[in-house]
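Where a number appears in this text, it was derived from the coordinates with a stated rule and is not lab data. All of these numbers come straight from a predicted model, not from anything done at the bench. Neighbour counts are summed over all protein chains in view; Cβ atoms, including those assigned to glycine, are modelled from backbone coordinates with ideal geometry.
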Amino acid sequence: MQVIGLCRFSYPALGGFQVEHESIEDRRRYLYDPERLEERFRLFEAATLPCFREQTDGDFELLVVIGDCLPRAAFDRLHDLTANLRQIRIVSRPPDRHRKVMKEILNGARNDPDAPCLQFRHDDDDAVSVDFVERLRIAAREGKGLMDNNKTVAIDFNCGFFARLDANGIQAARVYRALLGVGFGMYVSGGCPLTIMNFAHHRIGNFMPVISYPDAPMWVRTLSRFNDSPHARHSQANVLPLDADQEGEFIARFAMDQARVRKVHAHP
């Protein structure tokens, strides 16, 4: 079954953000502020790319959506960072309505629209477990009865970590959060034009069955100044430096190691 992921990298959409702006020009200025872009690149490099590079099931595609107005230096840097990941495809679009653009991109990526697929959404500053794609396929097999009788079924891995990444390394707290939007996927039946981006992730249970897995930690939601979600900008999660066991867990589960995090965040 085809697996398609979608990641917005500072795409200046109309809608789709909890931080509001009066105009596209205001949104561009916010998204492309050099300080903000630097933070996004550091988290993308330290959190997002390692976990997708090490997926136990490499048969997936991750669409990284950018605006056609992304500054040239950022455009080149993004291409350089992703050049050796065959699963990543950068998709450039002019600013437009958020859900309309994301739906078009996801449906355009389906190899066979009449065949079912699995879709997931991912933020450019987060990580998923290295077996995330494998677990999505397992969930599709385990939920076959539901999926045979529904056009769409959500798949939610609700255990993970809130974490801060900086020049000192990783501070984290293990948490349970349902429908957070990271470590989160959706089955779409053949012939169905709906996509995972048609729905607000925290309300998706109002529209379809949800299969929830609370077992192993499956994601890392990073906390930073420029998070779009208020809970991530202002989280009071009691994040603490990783102990030796957690360092090993972060390497094994997320391909995220302290040395690389420190190196990426070291320069001014």
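In which sequence would 79, 267 go, from the one with the fewest C-beta neighbours within 10 Å to the one with the most?
Sorted ascending by nearby Cβ count, the order is 267, 79.
Towards the positive end of the charge dipole of segment 2-266, with charges on Cβ (+1 Lys, Arg; -1 Asp, Glu), say which of 167, 201, 56 has the farthest Cα.
Farthest along the dipole direction, towards plus: 201.
What spacing in nm lies between the two simple spin-label points modelled at residue 267 and residue 173, each 7 Å away from Cα in the Cβ direction?
3.3 nm
If packing is taken as the average count of other Cβ atoms within 10 Å, what order do 82-90, 44-52, 241-249 fall into, highest mean first?
For the peptides 82-90, 44-52, 241-249, the packing ranking is 44-52, 82-90, 241-249.
Using a 10 Å cut-off on Cβ atoms, rank the peptides 63-76, 205-218 from the highest mean neighbour count down.
63-76, 205-218
Figure the gain on full extension for residue 56 and residue 86 (residue separation times 0.36 nm, minus the Cα-Cα span) and round it to one decimal in nm.
Contour length minus the Cα-Cα distance gives 9.4 nm.
Which whole-Hz couplings ³J(HN,Hα) result when phi for each residue of segment 91-96 is put into the Karplus expression 6.51 cos²θ - 1.76 cosθ + 1.60, θ = phi - 60°, listed in order with x for Gly and Pro?
10, 9, 9, x, x, 7
Grab the DSSP H runs of the chain that are 4 residues or longer, score each as -39,500 (n - 2.57), total them, divide by all residues and round the 222 nm result to the nearest 500 deg cm²/dmol.
Using -39500 (n - 2.57) per qualifying helix, the result is -8500 deg cm²/dmol.
Amide H to amide H, which residues 5 or more places from residue 220 or on other chains are under 5 Å from it, using H placed in the peptide plane?
127, 128, 161
Hey, can you grab everything whose amide H is under 5 Å from the amide H of residue 92? Only 5+ residues off in sequence or another chain; H modelled, so Pro and N-termini drop out.
66
Could you pull out every residue, at least 5 positions away or on a different chain, whose amide H is within less than 5 Å of the one on residue 170? Hs are placed 1.01 Å off N in the peptide plane, and Pro or chain starts have none.
242
Quick one: Karplus J couplings for segment 237-245, per residue in order, coefficients 6.51, -1.76, 1.60, θ = phi - 60°, nearest Hz, x for Gly and Pro?
4, 7, 6, 10, x, 5, 7, 4, 5
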